[in-house]
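Here is the structure we will look at.
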Amino acid sequence: MHNLVGTTKGDATQLEALAAGLDGSVALVTGSGRGLGRCIAQHLADLGAAVAVHDISEEASAQYGEEANLTAVAAAIASRGVATVGVTGDICDEAAVAAMVARVSETLGPISILVNCAGGDIGAANTKPSPNGALDISLADAMAVLQRNFIGTMLMCRAVVPGMALRNKGSVINFGSLNAHQAVSPEVVYGCAKAAVVHYTRCLALEMRDLGVRVNVVSPGPATSARFLATRQTDPRMMGEGPSLDRYARPEEVARVVAFLASDQSSFVSGQVLRIDGAASLYAA
Ligand SMILES: NC(=O)c1ccc[n+]([C@@H]2O[C@H](COP(=O)([O-])OP(=O)(O)OC[C@H]3O[C@@H](n4cnc5c(N)ncnc54)[C@H](O)[C@@H]3O)[C@@H](O)[C@H]2O)c1
């Protein structure tokens, strides 16, 4: 039993590590070359997990100026004292997904935590679709958004979850969005793709119930990843440092929730959606 009374601020990370207990875990975080995924990968590493970082390419890390490339992201994770590997590939390509999962398993061991963070409102030209409404989005953009959010998440689950089921051990955290739960305009197809991720999560959790594999989904509200900041007009008031929760989420606030769902702290939580939005959506489901 660890005595938490009288600890100093400097002990906080160590205590969090003890509480979260990710030592011995192997995590694959898709889309962790930058943005929220990168922050999640760092946080899981700080909590003791071996971490595989992933992106569609080496260069994706540099698109919004966060890091030189995926190799540099992996090196930063390794410097935190855990085993790591970097893999690249399109999550919408079944053969690429199989190769990435095989490489991670061979290098780090069986995957026990899968974080499907790759995705976003990114169209066929690797930029935000424009136009982006219900009736005017191009078919190419609609297909790209559906693929990289819903189909990619499904293909990753199909490649990793059977192994978890055989071992009766695993936690999957998928990425929804606040847009999955309420009508939006624009970003309509993105919202539909995330709604599909949310429902796929519930169905997979049902199929995995007897096998001890947990599957949950987080739905962040607007969060200050570099891509988020670079691709829209932001409201300075929403960057707030004060007590109000009427603001954008910070990447580490998303990472901490993912760590909770990854760890045994949430051992009886499965099939759930956890909205990380500072009470922006106060309704059922
Ligand atoms: N930032 C927000 O406001 C916000 C809000 C709600 C949900 N989300 C979700 O959180 C996740 C991370 O978003 P972010 O803001 O950090 O954006 P981001 O663009 O920085 O991160 C997304 C990552 O996914 C990768 N990716 C995209 N398509 C891919 C593909 N086909 N194959 C492999 N990798 C691919 C990108 O290269 C990138 O590294 C996304 O799923 C996004 O939809 C973000």
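Just name the residue that is farthest from the ligand (Cβ to nearest atom) out of those in the stretch 146-200 that are of a type in the set (S, T, N, Q) and within 21 Å of Gly31 (Cβ to Cβ).
Ser171
Collect the residues in the stretch 71-96 that are near the ligand (Cβ under 9 Å from one of its atoms) and either at pLDDT below 95 or among the aliphatic types (A, V, I, L, M) (or both), keeping them in residue-number order. Before you say what the answer is, go through the steps one by one.
From the stretch 71-96, those near the ligand (Cβ under 9 Å from one of its atoms) are 88-93, 96; that's our starting set.
Answer for the stretch 71-96, where residues must be near the ligand (Cβ under 9 Å from one of its atoms) and either at pLDDT below 95 or among the aliphatic types (A, V, I, L, M) (or both): Ile91, Ala96.
Applying the selection to the stretch 39-60, what residues are within 13 Å of the ligand (Cβ to nearest atom), in contact with a strand residue (DSSP E or B) (Cβ under 9 Å, 6 or more places away or on another chain), assigned to a helix (DSSP H, G or I) and among the hydrophobic types (A, V, I, L, M, F, W, C)? Hits for the stretch 39-60 are Ile40, Ala41, Ala60. Any idea which residue in the stretch 201-239 is farthest from the ligand (Cβ to nearest atom), counting only those that are of a type in the set (D, E, K, R) and more than 30 Å from Gly65 (Cα to Cα)? If we take residues in the stretch 201-239 being of a type in the set (D, E, K, R) and more than 30 Å from Gly65 (Cα to Cα), then Asp210 is farthest from the ligand (Cβ to nearest atom). State the number of residues belonging to the stretch 61-77 that are outside any loop (DSSP other than H, G, I, E, B) and crowded, with 17+ Cβ neighbours inside 10 Å. Qualifying residue count for the region: 5. Filtering Asp246, Asp277 for residues that are under 12 Å from Val218 (Cα atoms) and modelled with pLDDT of 95 or more leaves a single hit, Asp277.
Out of the stretch 162-191, which residues are assigned to a helix (DSSP H, G or I) and within 18 Å of Gly221 (Cβ to Cβ)?
Residues of the stretch 162-191 that are assigned to a helix (DSSP H, G or I), as a first pass: 162-167, 178-180, 188-191.
Hits for the stretch 162-191 are Leu178, Asn179, Ala180, Val188, Tyr190, Gly191.
One residue stands out among those in the stretch 78-106 that are surrounded by 15 or more Cβ atoms within 10 Å (Cβ to Cβ) and of a type in the set (Ser, Thr, Tyr): the one that is nearest to Val145 (Cα to Cα), which is Thr88.
The values are calculated or read from the model by the stated rules, or taken from the named source; none is laboratory data. The shown structure was predicted, so the numbers you read here are calculated from the model rather than taken from an experiment. Every residue, glycine as well, gets a Cβ built from its backbone with ideal geometry; the counts of neighbours run over all protein chains shown.
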